[in-house]
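Participant: Take a look at the following structure, please.
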Ligand code: VGL
Ligand code: ZN
């Protein structure tokens, strides 16, 4: 295929809080990928979007909002705020991160934002977790959707390439959602970094992505030939 015309690139959550040295939820090896992302942004994708995790201070995913709960160790069952009988989700509780207006919420300066066609904010509804660029995972009814599916379709995009941070959370969920929204979806694995870098963790992640219809490629793959 040729990238031009029908392919979009989604650069997920390349923000200070997901990067060393000061990020509250830093992914090792994240900031070092900036050059790779900038190179990808130079390819002829028709849409080049970045996302920002964009939480209010009292977001439900912060352990600090739940007394006695510890980040990473504890989870919380979260219902669809618009329909208590929709499937609830068990969410991991995190350190406070990507709070609107803070340094941690900023896109890292190493990313060349001048190449972006759009920036999408997610995670702004304090009632729900939202790993995916398309919005939270509730389906009945959908809540807090970003409108990304429609805007990509209107732009004529059929294929979406997903990179950024973190591979095992927001990259994963954006890619799985993109398949559900009908896009031929690729994760460029060497343009992502995971929180859980264990072999077992990565093997499970790859299988889950492939089972859901996501194609895992790398920077040398022919799919990226312009
Ligand atoms: C993310 C955990 C919490 C991510 C966002 O961008 O992968 N992970 N919020
Ligand atoms: Zn978050």
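Since every read-out is calculated from the coordinates, none of them should be taken as a lab result. These numbers were taken from a predicted model, which means no experiment stands behind them. We place every Cβ from the backbone using ideal geometry, glycine too, and count neighbours over all the protein chains shown.
Participant: Can you tell me the FRET efficiency between residue 222 and residue 179 if r is taken as the Cβ-Cβ distance and R0 is 25 Å, rounded to the nearest 0.05?
Facilitator: 0.75
Participant: Need the full-extension length gain, residue 67 to residue 84, defined as separation in residues times 0.36 nm minus the C-alpha distance. One decimal, nm.
Facilitator: 3.8 nm
Participant: Helix 199-211 versus the longest principal axis of the chain: what is the Cα-based angle in degrees, 0 to 90, to the nearest 10?
Facilitator: The angle comes out near 70 degrees.
Participant: So, one more: Over the chain, what is the percentage of antiparallel beta bridges among all DSSP beta bridges, to the nearest 5?
Facilitator: Within the chain, antiparallel bridges account for around 20 percent of the total.
Participant: Here is a follow-up. Which of the peptides 207-217, 153-163 is most tightly packed, and how do the rest follow, going by the mean number of other Cβ atoms within 10 Å of each residue?
Facilitator: 153-163, 207-217
Participant: Here is a follow-up. Return a whole-number percent for the relative contact order of region 83-149, with Cα pairs under 8 Å and 6 or more residues apart as the contact set.
Facilitator: It comes to 27 percent, rounded to a whole number.
Participant: Place a point 7 Å from the Cα of residue 4 along the Cα-to-Cβ direction; which residues of region 200-226 have their backbone N under 14 Å from it?
Facilitator: 225-226
Participant: Something else about it: Which whole-number percent is the relative contact order of region 1-151 (Cα, under 8 Å, 6+ apart)?
Facilitator: 27 percent
Participant: Rounded, prolate or oblate: which one fits region 175-226, using the alpha carbon gyration tensor with axes a ≥ b ≥ c (rounded when a/c is under 1.5, else prolate when a/b beats b/c, else oblate)?
Facilitator: Note, shape of region 175-226 comes out oblate.
Participant: Which percent, nearest 5, of DSSP beta bridges in region 98-217 are antiparallel?
Facilitator: Roughly 10 percent of the DSSP beta bridges within region 98-217 come out antiparallel.
Participant: Give me 181, 173, 66, 55 sorted ascending by neighbouring Cβ count inside 10 Å, so fewest comes first.
Facilitator: On the way: 181 16, 173 20, 66 13, 55 28.
With the fewest neighbours first, 181, 173, 66, 55 line up as 66, 181, 173, 55.
Participant: Could you check the simple spin-label distance between residue 206 and residue 151, using points 7 Å along Cα→Cβ, in nm with one decimal?
Facilitator: Each label point lies 7 Å from its Cα, and together they span 3.3 nm.
Participant: If you take the square roots of the eigenvalues of the alpha-carbon gyration tensor of region 110-220 and sort them as a ≥ b ≥ c, do you get rounded (a/c under 1.5), prolate (a/b over b/c) or oblate?
Facilitator: Here region 110-220 falls in the rounded category.
Participant: Report the relative contact order of region 121-226, percent, no decimals, based on alpha-carbon pairs under 8 angstrom and at least 6 residues apart.
Facilitator: The value is 22 percent.
Participant: Given the Cα-Cα distance of residue 39 and residue 140 and 0.36 nm per residue of separation, how much length would full extension add, in nm?
Facilitator: In short, 32.4 nm is gained.
Participant: Sorting 143, 91 on the 10 Å Cβ count, fewest up front, what's the list? Each step should come with its number before you reach the end.
Facilitator: Numbers: 143 19, 91 16.
Ascending number of Cβ neighbours within 10 Å: 91, 143.
Participant: Just subtract the alpha-carbon distance of residue 199 and residue 20 from 0.36 nm times their residue separation and send over the number in nm, one decimal.
Facilitator: Working: separation 179, 0.36 × 179 = 64.44 nm, distance 2.20 nm.
The span from residue 199 to residue 20 would gain 62.2 nm if fully extended.
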